[in-house]
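Chemist: Below is the structure I would like to discuss, written out as structure tokens.
The values are calculated or read from the model by the stated rules, or taken from the named source; none is laboratory data. Keep in mind the model is a prediction, meaning the values are calculated, not measured. We place every Cβ from the backbone using ideal geometry, glycine too, and count neighbours over all the protein chains shown.
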Amino acid sequence: MGEELKQNRFYLKTEELLQAEGGIGNVVPAFNNSYDVFIKFNSLGSNSLSAYLQDHSLLEGSGPGTIGDYIALFCSEAVLPGSQITTQSVDGLRQGVTQHFATYRRYPDINLTFYSQKDYYTNEIFDAWLEYISPTLNDINTGSMIDDAANFAYKRLRYPKTYKCDMSITAFSNDTITSETRLNPHKSKTGPVIERHEPSSIRYELKNAFPTNVVAAPLAYGNANLIKTTLTFKYDQFYVTRASRSGNELTRRDLDKSEIPIRKALRNDFGDIRLETIPFPDQ
């Protein structure tokens, strides 16, 4: 217990938990109500999916990013994805001791909940996405109405690369406004100017995601409540990028090789370890 007391972990002041400056920004607790969910309908060559959803919606506008930007406003509940390592057990190799070995890494499904608007736009988009994957209409290309006279003896599913999309789930801190202009914004001819900066964040990039289940939304007489639609998504895998802010300094870790900060650990004569960033060589 003596070594633990020497590290002064038990003497952190309570007010320091909410101070993002002074080099201790990493101890500030994270909150779960600042996040963003963005579905990239135009990824993996799925422009046909984006066009299909655009044609079946009443939202005005064009461009593959319009639907994803609009849907992101109404995501009321999200999760940071998890993963699981499956193991295999072998008995008796070491005097009867059971040993466990990693075999596969699995990525469980995620659930996202969206508010419904009074024109039920989000319901229409996700129902159309499922319809695009497994067409039940008369014409899978134009999405015409059901032909009652047609005999649906079979139906064709679309190729996976046409309906799978990348998705990003980002959780970030709420210190998006600089401390200098939080209470004293700069004045200009058009009004106060508030300077913003990129906060600390963690982003999960989900690859090849698509919905597999739309949970039924209950309706009932009585007190009015908001209608929510919960969806289950499957995906192949995810990778993580992160940004950490301490005061006015921001450290980013991206998987893009041109932006990865290369760090090496250096140990001084007293045994303390510090990280030093290696500058990128000139191209």
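Chemist: Name every residue in segment 118-138 that is exposed (fewer than 15 other Cβ atoms within 10 Å of the Cβ) and either at pLDDT 90 or above or more than 13 Å from TYR70 (Cβ to Cβ) (or both), in order of residue number.
Modeler: Hits for segment 118-138 are LYS118, TYR120, SER134, THR136.
Chemist: Condition test on PHE238, is it modelled with pLDDT of 65 or more and touching a Cys at 6+ places or on another chain (Cβ under 9 Å)?
Modeler: When the stated conditions are applied, PHE238 does not pass them.
Chemist: Additional query: Within segment 151-164, can you find the residues that are touching a helix residue (DSSP H, G or I) at 6+ places or on another chain (Cβ under 7 Å) and modelled with pLDDT of 90 or more?
Modeler: TYR163, the sole residue that qualifies.
Chemist: Can you tell me which residues in segment 218-241 are over 20 Å from the mean Cα position of the chain (by Cα) and exposed (fewer than 12 other Cβ atoms within 10 Å of the Cβ)?
Modeler: PRO218, LEU219, ALA220, TYR221, GLY222, ASN223, ALA224, ASN225, LEU226
Chemist: Continuing with the same structure: Select from segment 88-110 the residues that are over 26 Å from ALA78 (Cα atoms) and within 36 Å of the chain's Cα centre (by Cα) and write down the one among them that is surrounded by the most Cβ atoms within 10 Å (Cβ to Cβ).
Modeler: Selected residue: GLN99.
Chemist: Another question, if that's okay. Give me the residue from segment 41-92 that is in contact with a helix residue (DSSP H, G or I) (Cβ under 8 Å, 6 or more places away or on another chain) and of a type in the set (S, T, N, Q) and, out of that set, modelled with the highest pLDDT.
Modeler: SER50
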